[in-house]
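What follows is one structure encoded as structure tokens, with my remarks underneath.
The values are calculated or read from the model by the stated rules, or taken from the named source; none is laboratory data. It should be emphasised that the depicted structure is a prediction, and the values quoted were computed from it without experimental measurement. Glycine also receives a Cβ, built like all others from the backbone with ideal geometry; neighbour counts cover every protein chain displayed. When the accessible area is computed, the model is the full protein with side chains, heavy atoms only, and any ligands, DNA or RNA have been set aside. Shrake-Rupley method; radii C 1.70, N 1.55, O 1.52, S 1.80 Å.
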Amino acid sequence: MKQLGFGTMRLPQVHEQVDLRETEKLFDRFLEAGFTYFDTAYGYHDYKAELFVREALVKRHPRESFLLADKMPVWLAKEPSDLERLFQEQLEKTGAGYFDYYLLHSLRDKNIAAADAVDAWSFIRQKKEEGLVKHIGFSFHDTAETLDKLLTLHPEMEFVQLQINYADWESERVQSRLCYETARRHGKAVIIMEPVRGGSLAQLQSGLANPFTAYAPNASLASWALRFCASLEGVLMVLSGMSDLAQVEDNIKTFSPLQPLNAEERAVIEAVREALAKVPSIPCTRCNYCTETCPAEIPIPDILRALNDGRIYGDAYAAKQYASACRDKAQASACLGCEVCLSRCPQHIQITEHLHEAVAKFERGED
Ligand code: SF4
Ligand code: SF4
């Protein structure tokens, strides 16, 4: 099985809707090049991704010609009976008949408690016994310590889907390396999500990517990120959320065939990682002390993260992060200037100054 999977969380759009015709073209090209794995979820694209998968993939290609992964949204299951209802709905929406890979979705703190409360673990094991699911696992967004506990409690899980990319390999927050090593210590196959860090590693600010372009001028930045992931031992699949034909073609090229990183190339990636770590950033630890008392309920740490991202990945990427941080929440411009947050911040961050910067950059579009 080729190691590149098609993630369906960023399907091509037209007028803010998924472009079905374009999606069909991307899926067809992907299959034509010999790739077979597609990953979807109940909630992607405003709960419609499974329908687009049915229309663009399931209805148009023999079922045995592709592998389909889907995920149980455990946070929506309030009663054990909800699991069966959601699962049947997924079978109906995709029209797939069965799922090759089935995951408990996005396990982290509250979602782990939600999965435990309705024993979603036994549910997916039962679906495997019934033949409606071929392989079971979970996608994970918490610490390596928590992953270790889950895999000890649930040795029947066959694989884990992890956030891994070279920039976050040593990150304390994402813990890419620690989570990967934990999964391998338990003998689990690993599926990698966000290998290009939501596309950000494909658009490093000028200067940061110099080691890549000096070593291989014609290789895309995305190809370095994908090869880093696919070169790790025990990686079953690397998922890429492709949105246009250029991305599909570039990714196909990277995996046709995959060239694992050699020692020189590993050193090049290490040089870029070190350069990324040295970019001055606002030292927010996301302790959330500021948000506990902010009368305007501004998502301060998320806004600071968007500003930090802008310094590495550019303003266009940071603007998307800002929009996502403030979706359904107050924007930086809602700040009342009360300065309560300043006294709460153990890092002595000049929060209000950074909020002004965010307003200028992301709300007014100033440089
Ligand atoms: S100064 Fe602004 S961000 Fe800080 S607590 Fe007051 S309203 Fe919230
Ligand atoms: S209190 Fe300071 S360090 Fe903590 S989340 Fe807020 S800005 Fe970040």
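Each Cα pair under 8 Å and six or more residues apart adds its sequence gap; the mean of these over the residue count of region 222-367 is a relative contact order of 20 percent.
Each Lys and Arg Cβ is given +1 and each Asp and Glu Cβ -1; about its Cα centre, region 144-263 then shows a dipole of about 160 debye.
Look at where the Cα atoms of region 120-155 and of region 173-192 average out, and the two centres are 14 Å apart. Over region 4-272, accessible surface divided per residue gives 42 Å², non-protein components excluded, 1.4 Å probe. For residue 72, nonlocal amide neighbours, meaning residues 5 or more places apart or on other chains whose placed amide H falls under 5 Å from its own, are 103, 104, 105. Placing unit charges on each Cβ (+1 for Lys and Arg, -1 for Asp and Glu) gives the chain a dipole about its Cα centre, and among 257, 62, 269 the Cα reaching farthest toward its positive end belongs to 257. Taking 4.7 Å between C-beta atoms as the pairing limit, the chain has these partnerless cysteines: 179, 229, 284, 287, 294, 326, 335, 338, 345. Taken about its Cα centre, region 156-205 carries a charge dipole of roughly 80 debye when the Cβ of each Lys and Arg holds +1 and the Cβ of each Asp and Glu holds -1. Local charge for residue 110 was computed over the other residues whose Cβ lies under 11 Å away, with Lys and Arg +1 and Asp and Glu -1, and equals -2.
Got the relative contact order for region 32-106 handy, in percent, Cα pairs under 8 Å and 6 or more residues apart? Reported relative contact order: 38 percent.
What's the local net charge at residue 318, with K and R +1, D and E -1, over the other residues with C-beta under 10 Å away? Can you show the working numbers first?
Numbers: positive: 305, 311, 320, 361; negative: 309, 315.
Net of charged neighbours comes to +2.
Could you order the peptides 239-249, 78-88 from most to least packed, using the average number of other C-beta atoms within 10 Å per residue? Intermediate values should be presented prior to the final figure.
On the way: 239-249: 19.4, 78-88: 14.4.
Highest-to-lowest ranking by the protection proxy: 239-249, 78-88.
Placing unit charges on the Cβ atoms of the charged side chains and taking the dipole of region 109-175 about its Cα centre, the candidate lying farthest along the positive direction among 120, 161, 171 is 120. Under a 5 Å amide H cut-off, with hydrogens placed 1.01 Å from N, residue 5 pairs with 238, 239, 240 among residues at least 5 apart or on other chains. Each part gets one Cα centre, and for region 1-41 versus region 261-305 those centres are 30 Å apart. In this Cβ point-charge picture (+1 for Lys and Arg, -1 for Asp and Glu), the chain has a dipole of about 380 debye about its Cα centre. Across the options 5, 51, 291, the greatest Cα extent toward the positive end of the charge dipole of the chain (unit charges at beta carbon of Lys, Arg, Asp, Glu) belongs to 5. Using DSSP to define loop residues, name the trypsin sites (Lys or Arg not before Pro) in region 156-259 whose beta-carbon has at most 12 other beta-carbon atoms within 10 Å. In loop regions of region 156-259 (DSSP not H, G, I, E or B), the sparsely surrounded trypsin sites (Lys or Arg not before Pro) are 173.
May I ask you to derive the relative contact order of the chain, considering only C-alpha pairs under 8 Å and at least 6 residues apart, and to give it as an integer percent? Can you show the working numbers first?
Values: 576 pairs, mean separation 49.6, N = 367.
Computed over the chain, the figure is 14 percent.
If Lys and Arg each add +1 and Asp and Glu each add -1, what is the summed charge of the other residues whose beta carbon sits under 14 Å from the beta carbon of residue 246? Before the final figure, lay out each step's value.
Details: positive: 10, 25, 29, 253; negative: 22, 244, 249, 250.
Net local charge, residue 246 excluded: 0.
Largest to smallest in accessible area, the residues 61, 135 fall in the order 135, 61 (1.4 Å probe, all protein chains included). Each peptide in 95-101, 265-271 gets a packing score, the mean of other Cβ atoms within 10 Å over its residues, and the list from highest to lowest is 95-101, 265-271.
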